[in-house]
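Asks: The structure under discussion is supplied below as structure tokens; questions concerning it will follow.
All of the numbers you see were taken from the coordinates with simple rules; none came from a lab. Remember, it's a predicted structure, so these values are computed and weren't measured experimentally. Cβ atoms come from the backbone with ideal geometry, glycine included; neighbour counts cover every protein chain shown.
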Amino acid sequence: MLRIRDKSWDFRGETAIIGIHGIHTYPAMMLPQIAKKLIEKYGRDKKTILDPFCDSGTVLVEGILSGKNAFRYDINPLAILISKVRITSLNVRTLLLETERIEEKLSIAQFNPKIFESVEVPKFFNIDYWFKPSVIKQLSFIKSVIGEVEDDNIRDFLFVAFSETVRKVSNTRDSEYKLFRIPESKLKSWNPNAIGIFLEILDRNVRFAVEYYPIITKLLDRISADVFWVTFETGLMFPPI
Ligand SMILES: C[S@@+](CC[C@H](N)C(=O)[O-])C[C@H]1O[C@@H](n2cnc3c(N)ncnc32)[C@H](O)[C@@H]1O
């Protein structure tokens, strides 16, 4: 058997966490560099692209950036949320105003824990196993503050930062995809600052957003004006089936 090695497809050392692709860590993300190259090679003259297992939306973003109308499916609601946020227009000025309001509210609450007492906390099976009581209160407060945002797209953008925060401040081991709890001995000293972590993630995401949304918004306006009837001309999925 002849094995041909094409070095131009070697992306060793590259990262998937660049720009808008970095707004939420996600397992088994496709490298945007690979998606871009595949689209350039096989979809150059095509107008539409479908990713039937879209995950957090890497292929969709690269598709839109190359001027194509991108469509998606995924069975996982989190994948649908993150990919929606990546491929939907967003008004950066409104986002900055909302972010400022939220940061102010959360920073005040951080130093006045009594504020958390008024917030209703969710009840679900094993919540105390996966989260410390103070974390549950802080997360509930953050969620209630996000819930006050009227613009759906901005609210979803904020929920993406919230989702990453939930995973980071839970009692799960950080280094694994599978859900294992931090060992009992380490759990005692595990007191994450959910508000502080949320604010850091939000700040990072807003920095990506300020550069990305003006570009994608212009492209989406142009692309969607084109659509009358859709046939999928390019399908790109990872892993391949
Ligand atoms: C490895 S990811 C795909 C990566 C993605 N193409 C990208 O651009 O990053 C696989 C995705 O398939 C989704 N999936 C698995 N089974 C599915 C099914 N039966 N229907 C729809 N989506 C499914 C998973 O939820 C997961 O998000």
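Asks: Taking Lys47 as the anchor, which aspartates and glutamates have their alpha carbon closer than 17 Å to its alpha carbon, excluding any fewer than eight residues away along the same chain?
Replies: Straight-distance partners of Lys47: Glu62, Asp221, Asp226, Glu233.
Asks: Based on the Cβ-Cβ distance of Asp151 and Arg222, what FRET efficiency does E = 1/(1 + (r/R0)^6) give at R0 = 25 Å, to the nearest 0.05?
Replies: Computed FRET efficiency for Asp151 and Arg222: 0.65.
Asks: Which order do peptides 129-142, 50-63, 4-17, 31-44 fall in by mean Cβ count within 10 Å, highest first?
Replies: Details: 129-142: 19.0, 50-63: 24.4, 4-17: 8.9, 31-44: 16.6.
Result, highest mean first: 50-63, 129-142, 31-44, 4-17.
Asks: So between Asn126 and Phe111, what do we pick up on full extension, going 0.36 nm a residue minus the alpha carbon distance? Could you put the intermediate results ahead of the total?
Replies: Numbers: separation 15, 0.36 × 15 = 5.40 nm, distance 2.82 nm.
Stretched out fully, the Asn126 to Phe111 stretch lengthens by 2.6 nm.
Asks: Here is a follow-up. Please list, in chain and number order, the residues 5+ apart from Thr172 or on another chain whose amide H is under 5 Å from its amide H, with Hs placed from the backbone.
Replies: HN-HN under 5 Å from Thr172: Ile182.
Asks: Turning to a different aspect of this structure: Among the lysines, which have Cα under 27 Å from the Cα of Lys41 when same-chain residues fewer than 8 positions away are ignored?
Replies: Lys7, Lys68, Lys84, Lys218
Asks: Ok, one more. Which lysines, if any, have their Cα less than 16 Å from the Cα of Lys188, not counting same-chain residues under 8 positions apart?
Replies: Candidates past the 8-residue exclusion: Lys132.
Asks: What is the extension gain from Lys41 to Leu97, computed as 0.36 nm multiplied by their sequence separation minus the C-alpha to C-alpha distance, in nm to one decimal?
Replies: That pair, Lys41 and Leu97, stretches by 16.1 nm at full extension.
Asks: About its Cα centre, how strong a charge dipole does segment 92-212 have in debye, to the nearest 20, once Lys and Arg get +1 and Asp and Glu get -1 at the Cβ?
Replies: It comes to approximately 640 debye.
Asks: While we're here: Quick one: Cα centre-to-centre distance for segment 164-188 and segment 1-43, in angstrom?
Replies: Computed from Cα coordinates, the inter-centre distance equals 29 Å.
Asks: By average Cβ neighbour count within 10 Å, what is the ranking of 196-208, 103-115 from highest down?
Replies: In descending order of packing, they fall as 196-208, 103-115.
Asks: What FRET efficiency comes out for the pair Val210/Ala28, r = Cβ-Cβ distance, R0 = 22 Å, nearest 0.05?
Replies: Details: r = 28 Å, r/R0 = 1.28.
The formula returns an efficiency of 0.20 here.
Asks: Also: Ignoring everything except DSSP H segments at least 4 long, calculate the 222 nm mean residue ellipticity for the chain; use -39,500 (n - 2.57) per segment, divide by total residues, nearest 500.
Replies: It lands at -16000 deg cm²/dmol.
Asks: Once label points are set 7 Å from the Cα along Cα→Cβ at both Asp10 and Lys178, what is their separation, rounded to one decimal in nm?
Replies: 3.3 nm
Asks: If you don't mind, there's one more thing I want to ask. Kyte-Doolittle mean at least -0.5 and Cα extent at least 30 Å along the axis: which DSSP H helices of the chain qualify?
Replies: 194-225
Asks: Segment 92-212: percent of C-alpha pairs farther apart than 17 Å?
Replies: When all Cα pairs of segment 92-212 are counted, 58 percent exceed 17 Å.
Asks: So, one more: If you take the charge dipole of the chain about its Cα centre, with +1 on Lys and Arg Cβ and -1 on Asp and Glu Cβ, which of Ile136, Ile108, Gly147 is farthest toward its positive end?
Replies: My answer, from the dipole projection, is Ile136.
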